[in-house]
Amino acid sequence: MRREEHAARVREFYEPRLAEHGDDHNVVSYRTRESQEGRFAIVADVGNLTEASVLEVGCGVGHLYDWLTGNGYRGD
């Protein structure tokens, strides 16, 4: 799939959800913010990520990054 096609599909998926729910856990189909953040905590439990380089790919709209920075993350 070409990059443009993929980008169009991603927009098609997220734009209606963002319009309906705003930028919250519902956009990526989590039932509650707590369940979303619980999963983030499990992912972050792989080690000390405070100054690590983390690549978040295909994880929605960047909520993991927001959660990490809210929990002391200062890496790339």
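Remarks
- Residue among L68, L64 that alone is in contact with an Asp or Glu (Cβ under 8 Å, 6 or more places away or on another chain) and at pLDDT 90 or above: L64
- Helices (runs of 4 or more DSSP H) (entirely within the chain) containing at least 1 residues that are surrounded by fewer than 10 Cβ atoms within 10 Å (Cβ to Cβ) and basic (K, R): 3-21
- Residue list for region 27-76, restricted to those being in contact with a Gly (Cβ under 8 Å, 6 or more places away or on another chain) and of a type in the set (D, E): E51, E56
The values are calculated or read from the model by the stated rules, or taken from the named source; none is laboratory data. Quantities reported herein were computed from a predicted structural model and do not represent experimental measurements. Using ideal geometry, Cβ is built from the backbone for each residue, glycine included, and neighbour counts are taken over all protein chains shown.
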